[in-house]
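Student: Input: one structure, supplied below.
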Amino acid sequence: MVPKVYVTYNQVHKLCQEAAPRILADFAPNLIIAIGGGGYVPARILRSFLKQPGSPNIPIQAIGLSLYESLGTTDETQIEEPGTKVTRTQWLDLRSLEMANLIGKNVLIVDEVDDTRTTLEYAVKELEKDVAEAAEQAGRSGEVVRFSVFVLHNKDKEKKGSLPKSMMEERRYLAARTTGDVWINYPWEATWVHLGGGSGVRY
Ligand SMILES: O=P(O)(O)OC[C@H]1O[C@H](OP(=O)(O)OP(=O)(O)O)[C@H](O)[C@@H]1O
Ligand SMILES: Nc1nc2[nH]cnc2c(=O)[nH]1
């Protein structure tokens, strides 16, 4: 049985805060791509910590990828099982004008957890392929997009997927925490929270 651990919103906030200076200094992202659904909240929190006075917020785009499925137990904190293939539920149009502006720039991919690495491998490979095509179409095939990755948690286990050697060598991969092979319950997955209670004005 895989041990379960619980992470709070406050812990997620602190992990983003802690990682932000390194992300700014080493990755200097021009765009954040959040892998949904788990990457949405960390990406949004991180954006506030990456905001520099006098500069606009770093835009966030989203891609939807799904690998894990619920086992359908009645347990309130279900452990999910990996499927065999990554399903694209949302993708980016890299031929669009704004995306063409990214050629030669830095893109930070954000997800909450790197487990078997299947999802991240898929995201990086497919994005690199699309970007190379877009650059070629724009007559700028010599230029690349520098991808980096941020996750809240990386599980220290044998990985099924892999990331580009250059990304690892150039340290363009950052995990706020490395864990054992545990099942992490994120606060946005909780369905047993008690709403209401307390006193006074509620928003
Ligand atoms: O390293 P891996 O083994 O690929 O697992 C990590 C992925 O699994 C989860 O996504 P999931 O497929 O559950 O989709 P969700 O984020 O929409 O829940 C998580 O959000 C990561 O994207
Ligand atoms: N919530 C959650 N999703 C995952 N997807 C792959 N591993 C995990 C995990 O530990 N927790």
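The values are calculated or read from the model by the stated rules, or taken from the named source; none is laboratory data. From a predicted model like this one, the values you see are computed outputs, not experimental measurements. Glycine also receives a Cβ, built like all others from the backbone with ideal geometry; neighbour counts cover every protein chain displayed. The area values use the complete protein model at the heavy-atom level, side chains included, leaving out ligands, DNA and RNA. Shrake-Rupley method; radii C 1.70, N 1.55, O 1.52, S 1.80 Å.
Student: At 1.4 Å probe size, with no ligands or nucleic acids counted, give the accessible surface of Trp188 in Å², nearest ten.
Tutor: About 70 Å², ignoring ligands and nucleic acids.
Student: Right, next: Probe radius 1.4 Å, ligands and nucleic acids left out: which of Ile58, Ile63 has the largest accessible area, and how do the rest follow? Please report the intermediate quantities before stating the final value.
Tutor: On the way: Ile58 20, Ile63 0 Å².
Listed by decreasing accessible area, they come as Ile58, Ile63.
Student: Rounding to the nearest 10 and keeping the result within 0 to 90°, find how far the Cα-based axis of helix 9-22 lies from the longest principal axis of the chain.
Tutor: It works out to around 30 degrees.
Student: Using a 1.4 Å probe on the protein heavy atoms, what percent of the accessible area of the stretch 1-74 belongs to carbon and sulfur? Could the numbers behind the result be given before it?
Tutor: On the way: 2250 of 3990 Å².
Answer for the stretch 1-74 is 56 percent, counting heavy atoms of protein chains only.
Student: Taking only Cα atoms of the stretch 1-63, what ratio of Rg to Rh do you get with Rh as the Kirkwood inverse-distance radius? It would help to have the intermediate numbers written out before the result.
Tutor: Values: Rg = 13.2 Å, Rh = 12.7 Å.
Result for the stretch 1-63 is an Rg/Rh of 1.04.
Student: OK, next. At 1.4 Å probe size, what's the solvent-accessible area of Glu121? Round to the nearest 10 Å².
Tutor: 50 Å²
Student: Please label the shape of the stretch 39-150 as rounded, prolate or oblate, based on the square roots a ≥ b ≥ c of the eigenvalues of the alpha-carbon gyration tensor (a/c under 1.5 means rounded; beyond that, a/b larger than b/c means prolate, else oblate).
Tutor: On the way: a/c = 2.77, a/b = 1.52, b/c = 1.82.
It comes out oblate by the Cα gyration axes.
Student: Further question: Angle check, please: helix 118-137 long axis (alpha carbons) against the longest principal axis of the chain (alpha carbons), in degrees 0 to 90, nearest 10.
Tutor: On a 0 to 90 degree scale, this one is about 30.
Student: What angle do you read, to the nearest 10 degrees and between 0 and 90, between the alpha-carbon axis of helix 40-50 and the longest principal axis of the chain?
Tutor: It works out to around 60 degrees.
Student: What distance in nm separates the simple spin-label points at Thr89 and Leu174, each placed 7 Å from Cα in the Cβ direction?
Tutor: Spacing of the two 7 Å Cα→Cβ label points: 2.8 nm.
Student: Further question: Provide, for the chain, the number of lysine pairs with alpha carbons under 23 Å apart, each pair being eight or more places apart or on different chains.
Tutor: 28
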